[in-house]
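These notes concern the structure reproduced below.
The values are calculated or read from the model by the stated rules, or taken from the named source; none is laboratory data. Please read all numbers here as calculations on a predicted model, not as lab measurements. For neighbour counting, all protein chains shown are included, and Cβ atoms are generated from backbone atoms with ideal geometry for every residue, glycine included.
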Amino acid sequence: MDVTVGDIVGNVAASIVVALAAFTVGLLAERYRGRRALDHMKWLVGRAQNVQIVLPSFGIESLPIPHLGVEARFPANVMLMPMAEGVAIAKLTDGIRAVSRRCSFRMHPATEYDSSAAMTFCIGGPSVNAVSRKIIEEQFSEFEILYPEHEGRYGSTHFRPRRDTEDTLREDYGFVFVHWRSPTECSVILCGVWAMGTDMAARGLLELGKHHDALALLRERKNCLFTYYGKVEGVIGGEISLIETRIL
């Protein structure tokens, strides 16, 4: 049987259509799975039109500029935050945006905290976030970060991140505190022993759908604490695992 140019073109076109259709179906399926994995975030945020994010911050009087050999003085209202906690905020907002396009964010320091907000995320622990400190002292009083040891403690359980011989942090612990002020009002604290743990906590919250027992506690509106452990890769957290769940 003779094969014409038209037959070849037709077969190529059909193959392209099939390939594009398969790619599109695969892409849509992947997006669907991604959104299903974040269903708990959609449920957690609920109908809140505005999500409050209380930022970590600390002030310094001056900052050394090594290549100039001088110090730059900082105004009182120029605040700083750890790099890994900025990464945590970006991941958190991306996750919420993926399931709630209409949601807007109000980001501000602890001094501008709105206690009437239906959904609040506090980034950073007691040393860098006054709202985190207040909620932990009132609702999770057995938890603390010990200084100068710089280790976490909950009751008799200690969380001691390891450093190597070059004084580089190799691991950290991330903590997700969930406090329900009412059936429709929730505050979530994301923090770590070090800032890398805050990044781990943010990813842990977003990946909570993998852990059915932990997810059930969230949906039952239990005040609880999820603890994650992970290796540190460079300046952010690496792979994480849920190592402990506490119900308050």
Has the range 221-230 got any residue that is in contact with a strand residue (DSSP E or B) (Cβ under 8 Å, 6 or more places away or on another chain) and assigned to a helix (DSSP H, G or I)?
no
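Take Val51 and tell me if it is more than 26 Å from Arg221 (Cβ to Cβ), in contact (Cβ under 8 Å) with a residue 60 or more places away in the chain and in contact with a strand residue (DSSP E or B) (Cβ under 8 Å, 6 or more places away or on another chain). Walk me through it before giving the result.
Working: more than 26 Å from Arg221 (Cβ to Cβ): no; in contact (Cβ under 8 Å) with a residue 60 or more places away in the chain: yes; in contact with a strand residue (DSSP E or B) (Cβ under 8 Å, 6 or more places away or on another chain): yes.
So Val51 does not fit the description; no.
Given the criteria surrounded by fewer than 16 Cβ atoms within 10 Å (Cβ to Cβ), more than 22 Å from Cys186 (Cα to Cα), modelled with pLDDT of 95 or more and among the basic types (Lys, Arg), does Arg153 qualify? Full working, then the answer.
Details: surrounded by fewer than 16 Cβ atoms within 10 Å (Cβ to Cβ): no; more than 22 Å from Cys186 (Cα to Cα): yes; modelled with pLDDT of 95 or more: yes; among the basic types (Lys, Arg): yes.
So Arg153 fails the test.
Yes/no matrix, rows are residues, columns are (1) within 13 Å of the chain's Cα centre (by Cα); (2) farther than 19 Å from Gly124 by Cα; (3) in contact (Cβ under 8 Å) with a residue 12 or more places away in the chain:
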residue: Pro148; (1), (2), (3): no, no, no
residue: Asp167; (1), (2), (3): no, yes, no
residue: Ser182; (1), (2), (3): no, yes, no
residue: Cys191; (1), (2), (3): yes, no, yes
residue: Gly204; (1), (2), (3): yes, no, yes
residue: Leu248; (1), (2), (3): no, yes, yes
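If you take the residues in the range 181-210 that are aliphatic (A, V, I, L, M) and part of a strand (DSSP E or B), which one is surrounded by the most Cβ atoms within 10 Å (Cβ to Cβ)?
Start the filter on the range 181-210 by keeping residues that are aliphatic (A, V, I, L, M), which leaves 188-190, 193, 195-196, 200-202, 205-206, 208.
Next, only the ones that are part of a strand (DSSP E or B) stay: 188-190.
Working: Val188: 21, Ile189: 29, Leu190: 31.
Looking at residues that are aliphatic (A, V, I, L, M) and part of a strand (DSSP E or B), I get Leu190.
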Among the residues of the range 47-85, what is the count of those that are within 18 Å of the chain's Cα centre (by Cα) and under 25 Å from His179 (Cβ atoms)?
12
Tally the residues that are touching a helix residue (DSSP H, G or I) at 6+ places or on another chain (Cβ under 7 Å) and surrounded by fewer than 19 Cβ atoms within 10 Å (Cβ to Cβ), restricting the search to the range 84-125.
6
Just to be sure I understand the filter: pairs with C-beta atoms under 8 Å, separated by 6 or more residues or on different chains, first member in the range 212-239 and within 30 Å of Arg170 (Cβ to Cβ) and touching a residue at least 24 places away in the same chain (Cβ under 8 Å), second member in a helix (DSSP H, G or I) and β-branched (Val, Ile, Thr). Which pairs pass?
Ile236/Val87
Of everything in the range 70-93, what is of a type in the set (D, E, K, R), touching a residue at least 12 places away in the same chain (Cβ under 8 Å) and assigned to a strand (DSSP E or B)? Give them in sequence order.
Arg73
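Looking at this structure, is Arg31 at pLDDT 55 or above and assigned to a helix (DSSP H, G or I)?
Details: at pLDDT 55 or above: no; assigned to a helix (DSSP H, G or I): yes.
Criteria not met by Arg31.
When only residues in the range 43-69 that are among the β-branched types (Val, Ile, Thr), modelled with pLDDT under 95 and not in a loop (DSSP other than H, G, I, E, B) count, which is surrounded by the most Cβ atoms within 10 Å (Cβ to Cβ)?
The initial filter retains those residues of the range 43-69 that are among the β-branched types (Val, Ile, Thr), namely 45, 51, 53-54, 60, 65.
So of that shortlist, the ones also modelled with pLDDT under 95 come out as 45, 60, 65.
Subsequent filtering for residues that are not in a loop (DSSP other than H, G, I, E, B) retains 45, 65.
Working: Val45: 19, Ile65: 10.
Restricting to residues being among the β-branched types (Val, Ile, Thr), modelled with pLDDT under 95 and not in a loop (DSSP other than H, G, I, E, B), the top hit is Val45.
Take Tyr173 and tell me if it is at pLDDT 95 or above and within 16 Å of the chain's Cα centre (by Cα).
yes
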Whether any residue in the range 84-98 is closer than 29 Å to Lys231 by Cα, among the polar types (S, T, N, Q) and either out of contact with any Phe, Trp or Tyr (no Cβ under 7 Å at 6 or more places or on another chain) or modelled with pLDDT of 95 or more (or both) is what I want to check.
yes
